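What follows is one structure encoded as C-alpha cells, with my remarks underneath.
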Amino acid sequence: MVWAVKGEAPPLNPRPDFRDQKVLYSIFFDAHDSVVQIIIRKGKTITGTFMQTVASQKWENITRSEGQSLDRGGIRLLHENALPHKTKLVKSELDRMRVAELDHPTLLT
C-alpha cells in the first residue's frame, strides 16, 4: 500500500518483470542423483533442434563418463513443459537414448 497526498494520483509502481530472471532447466537423473543439468539463461532462443542437439551432446558425455552402467534405461528426464521440449524431433531423440520423460507437475494457483 502506498500513501498519497489528497488530490494527487498515487505513484505508479509497475510489477517487476520476472521474465528477465527466467532460467530454463532440464535435469537428467537416475535413482541416486542428478546425472546432468542443462541450464539455459535469458537471451537464448530455444527450439526443438537446439534441445535435440543439447540432449544428444549431454547424453554422449554421460555415457562416456558412466560407461555401460546407464544402458539399463534407468535415466529419467524432468524438463519444462515448453513446446520445444515436446517436438517430435526431441521425443524421437529421447526414445533413441532410452530416456523416460517424467510428467511435468501441474501448477497450482
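The values are calculated or read from the model by the stated rules, or taken from the named source; none is laboratory data. Because the structure is predicted, anything quoted here is derived from the model rather than measured. Reconstructed Cβ throughout: ideal geometry from the backbone, glycine too, with neighbour counts over all protein chains shown.
Residue pairs whose Cβ atoms lie under 6 Å apart, sitting 6 or more positions apart in sequence or on different chains, and linking a residue in the stretch 36-55 that is in a strand (DSSP E or B) to a partner that is modelled with pLDDT of 75 or more, are 36/58; 38/54. Filtering the stretch 79-88 to residues that are part of a helix (DSSP H, G or I) and loosely packed, with under 15 Cβ neighbours inside 10 Å leaves 83, 88. Within the stretch 29-44, the set of residues being under 17 Å from residue 57 (Cβ atoms), of a type outside the set (Val, Ile, Thr) and surrounded by fewer than 10 Cβ atoms within 10 Å (Cβ to Cβ) comprises 44 only. From the list 55, 100, 82, 31, the lone residue that is of a type in the set (A, V, I, L, M, F, W, C) and modelled with pLDDT of 80 or more is 100. Applying the criterion of being surrounded by 15 or more Cβ atoms within 10 Å (Cβ to Cβ) and modelled with pLDDT of 75 or more to the residues of the stretch 60-78, the residue that is farthest from the chain's Cα centre (by Cα) is 75. Being within 18 Å of the chain's Cα centre (by Cα) and at pLDDT below 75 is a description that applies to residue 21.
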